[in-house]
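Have a look at the structure below, then the notes.
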Amino acid sequence: MTATLKSHSHGGTLVLTIHNPEQRNALAPEIYVAGIEALIAAERNAEVRSVVLTGDGGTFCAGGNLQRLLANRQQPPEVQADSIEALHGWIEAIRSFPKPVITAVEGACAGAGFSLALACDLLVAARDAVFVMAYVNVGLSPDGGATWSLLRQLPRATALQLLMLGERAGAERLHQLGLVTAVSAPGAALSDALALAERLNAKAPNALASIKALANDALTQSLPAQLRDERDHFVRNLHHPNAGEGIRAFLDKRAAQYR
């Protein structure tokens with residue numbers, strides 16, 4: 001069975017589902033391509049206000065396909081490099097996508113699947129979900145931006161504990177560390193992620209896009225540069241119709257209707 005990325009709409013939310021049941025939703029190049037294409041289309045579609053990424057059949061993603069990796073050892077190094085570049089293209093597309101992306105995790109979230117989940121803006125996980133940076137357990141180093149994400153969100157020693165030991169971590173533990181946004185009852189991660197998406201869908205899309213762009217730059221540029229960017233985003237958003245609607249709605253004590 002070919003690995004696929006299924007999609008459907010839930011109100012203003014696009015739901016993307018990793019589907020590779022025979023290999024516990026292991027990733028494959030065709031999924032990366034489909035993921036990038038889905039985000040390009042979603043960015044152009046004003047009716048899509050957010051994206052939820054999940055896995056099929058009670059598992060989020062087991063990471064890379066080890067059989068494919070074993071076969072790639074017999075190929076020129078460029079073959080695996082091209083595959084990783086495709087994954088990284090999807091990671092970069094998620095990070096630069098101007099709308100919120102939420103991960104809903106049930107079951108296993110391992111290796112590149114863990115990296116993929118960390119690339120999203122918010123992460124909802126079932127209480128019994130299991131996360132593991134599994135690369136080191138098969139003699140490999142991380143990809144998918146795992147080191148970038150973890151070293152920006154955790155103390156160095158804590159990040160290296162996850163990366164170097166390759167031990168399993170539960171959703172509650174990662175919630176305590178700040179990696180998991182919300183912990184759900186088993187089987188409820190997707191519904192809770194969709195509820196969270198609905199809350200985001202009610203916000204002004206232009207304001208959310210500015211917040212995500214500013215957050216992406218905050219750790220890599222100087223305070224003066226960040227202040228200039230905040231000024232420019234604020235002024236641009238103040239003169240957007242949504243600011244007029246939001247301010248009037250607040251003063252009128254009613255819910256705003258953003259577009």
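Descriptive notes on the structure:
- For the chain, averaging the sequence separation of C-alpha pairs within contact (under 8 Å, six or more residues apart) and dividing by the residue count gives a relative contact order of 17 percent.
- Highest-MSF residue in the chain out of Gln80, Gln226, Gln67 [GNM, Cα springs under 10 Å]: Gln67
- DSSP bridge pairs, the range 2-153: antiparallel proportion in percent, nearest 5: 30
- Hz values of 3J(HN,Hα) by residue in the range 194-209 - Karplus curve (6.51, -1.76, 1.60), Gly and Pro given as x: 5, 5, 5, 4, 4, 5, 5, 4, 7, 8, 6, x, 5, 5, 5, 4
- Taking every protein chain into account, the accessible area of the chain amounts to 52 square angstrom per residue (probe 1.4 Å).
- Asn45-Leu160 pseudo-label distance in nm [points 7 Å out on the Cα-to-Cβ vector]: 4.5
- The chain: calculated mean residue ellipticity at 222 nm from DSSP helix runs of at least 4, using -39500 (n - 2.57): -15500 deg cm²/dmol
- Cut-off under 5 Å, modelled amide H: who pairs with Leu123 long-range: Thr103, Thr181, Ala182
- Projecting the Cα atoms of Ile211, Val180, Thr103 onto the charge dipole of the chain, computed from C-beta unit charges around the Cα centre, puts Ile211 farthest toward the positive end.
- Whole-angstrom gap from the range 189-259 to the range 18-84, using each part's C-alpha centre: 29
- Shown here: Kirkwood radius over Cα pairs in Å, derived from the displayed model; of the candidates (1) 17.8; (2) 20.2; (3) 19.3, it corresponds to (3).
- Distant-in-sequence amide contacts of Gly64, defined by a placed amide H-H separation under 5 Å and a gap of 5 or more residues or a different chain, comprise Leu27, Ala112, Gly113.
- Per-residue Karplus couplings for the range 172-184, computed as 6.51 cos²θ - 1.76 cosθ + 1.60 with θ equal to phi - 60°, are listed in order as 5, 4, 6, 5, 4, 7, x, 7, 9, 6, 8, 9, 10 Hz, Gly and Pro entered as x.
- Residue by residue, the range 38-50 carries 3J(HN,Hα) couplings of 5, 6, 4, 5, 5, 5, 7, 9, 5, 6, 8, 9, 7 Hz when phi is fed to the Karplus relation 6.51 cos²θ - 1.76 cosθ + 1.60 (θ = phi - 60°); x denotes Gly or Pro.
- Take every DSSP beta bridge whose two residues both sit in the chain; close to 30 percent of them are antiparallel.
- Area accessible to solvent at Glu172, 1.4 Å probe radius, in Å²: 80
- Stretch gain in nm, segment Gln153-Ser141, where the contour uses 0.36 nm per residue and the Cα spacing is subtracted: 2.4 nm
The values are calculated or read from the model by the stated rules, or taken from the named source; none is laboratory data. Quantities reported herein were computed from a predicted structural model and do not represent experimental measurements. No Cβ is skipped: glycine too gets one built from the backbone with ideal geometry, and neighbour counts run over all protein chains shown. Note: areas computed on protein heavy atoms with side chains; ligands, DNA, RNA excluded. Shrake-Rupley method; radii C 1.70, N 1.55, O 1.52, S 1.80 Å.
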